[in-house]
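This report concerns only the one structure given below.
Every number here is computed from the coordinates shown, using simple stated rules; none is lab data. Not measured: the values here are computed from a predicted model. As a convention, Cβ positions derive from the backbone with ideal geometry for all residues, glycine included, and neighbour counts pool all protein chains shown.
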Amino acid sequence: MTNVEQLKELIMRADEIEEEIEGEGSKAATKRKVERLITAACEEGTPIRNVLDDGLIAGMDIVVDRFKKSEIYISEVLIAARAMKMGMDFLEPEIIKAGIEPAGKCVIGTIEGDLHDIGKNLVAMMLKGAGFKVIDLGVDVKPDDFAEKAESESVQVVGVSALLTTTMPGMEKTIKAIKERGVSARTMIGGAPVTQDYADRIGADGYAADAASAVDLAKGLIA
Ligand code: B1M
């Protein structure tokens, strides 16, 4: 197996690898393995694009596919996404040097008044896994802050998450703020209480029920 194939395998099996090593040391071990394989692949002349597409992203695509088919749980996706992030962080300087364009650029956050971020983080990680550049504004984000960042960073997609029925109206305000600024970014919303019907009513460009569909949606919105 080539180093890139091993990297893909590592992302796909990150949960099993971490299970083999108990405790905090397991994350460090995964990090070492990811970095060793990336270094080896680069040293033997594999283009960065291939390390990224055929290693990290290919592995994560399979994990997302298994999650969509309910073959694995969110916890396993999170472990794979964490391994993926370790690889992306390590590879980032090389990606910048190689001038590789991201699949798309998006800004994401949890709406004002809402502190729930587990689902939003999962969506952000999966988007990164799919090659997107993600600007994560965190939680309790004001509608105008989404709009301002969308404009200043020229993003293609603005993703807003809400977990409380009381904070959902902030999503409509965000869409309004984006339109008022004349920003052309597409909007996607999600979170447990959010529905397609709600998205249609407030004029969002898309709604995704889970992190895997959010990636497909974002890809579709910028296609
Ligand atoms: Co809160 N909470 N909580 N809470 N909390 C809920 C949401 C609630 C349904 C629990 C309940 O009563 N049954 C309820 C909301 C009721 C309502 O509004 N209808 C509730 C409440 C009331 C509250 C407080 C008000 C409680 C209090 O203090 N009295 C308070 C509010 C604080 C605030 O935000 N201002 C509060 C606080 C908290 C904790 C801090 C303790 C903690 C959050 C920790 C954190 O996020 N860092 C917490 C948690 C953990 C939950 C539950 C139990 C779990 C949420 C979660 O993380 N799910 C939740 C109950 C529930 O949802 N069943 C609950 C796992 C996560 C992976 O799923 O976030 O749905 P989810 O994300 C999914 C999809 O929705 C989608 O993809 C994700 C992955 O598949 N998705 C998107 C999410 N965002 C997306 C964006 C997209 C696309 C898809 O595009 C941009």
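Brief remarks on what is shown
- Working from label points 7 Å from Cα in the Cα-to-Cβ sense, the residue 192 to residue 53 distance is 4.0 nm.
- Two-decimal log10 I(q)/I(0) for region 159-223, as the Debye equation yields it once each C-alpha is a single scatterer, q = 0.25, 0.26 Å⁻¹: -1.10, -1.17
- 0 to 90° range, to nearest 10: angle between helix 58-68 axis and the chain longest Cα axis: 50 degrees
- A DSSP coil position with no more than 14 other Cβ atoms inside 10 Å describes the following chymotrypsin sites (Phe, Trp or Tyr not before Pro) in region 1-107: 73.
- Shape of region 1-160, Cα gyration tensor, a/c cut at 1.5: oblate
- Our estimate of slack between residue 164 and residue 115, defined as 0.36 nm per intervening residue step minus the Cα-Cα distance, is 16.7 nm.
- For the pair residue 29 and residue 62, label points projected 7 Å from Cα toward Cβ lie 2.0 nm apart.
- Under 22 Å from residue 219, Cα to Cα: lysines that are on another chain or at least 8 residues apart: 8, 68, 69, 85, 105, 120, 128, 133, 149, 179
- Relative contact order of region 1-59: 56 percent, from C-alpha pairs under 8 Å at least 6 residues apart in sequence.
- Estimated [θ] at 222 nm from DSSP helical runs (n ≥ 4, -39500 (n - 2.57)) normalised by residues in the chain, nearest 500: -17500 deg cm²/dmol
- Principal-axis tilt of helix 118-129 within the chain, Cα atoms, nearest 10 degrees: 60 degrees
- Comparing 187, 165, 30 in a Gaussian network model of the chain where C-alpha atoms under 10 Å apart are linked, the largest mean-square fluctuation is found at 165.
- Spin-label zone in region 191-223 - amide nitrogen under 17 Å from a point set 7 Å from the Cα of residue 179 along the C-beta vector: 197-207
- Straight-distance crosslink candidates among aspartates and glutamates, where the alpha carbon sits under 17 Å from residue 97 and sequence neighbours closer than 8 are dropped: 43, 53, 89
- Rotationally averaged projected area of region 75-223 (alpha carbon convex hull; nm²): 8.3 nm²
- Nearest 10 degrees, 0 to 90: helix 3-12 Cα axis against the chain principal axis: 50 degrees
- At full extension, residue 6 and residue 69 could sit 20.3 nm farther apart than now, given 0.36 nm per residue minus the alpha carbon distance.
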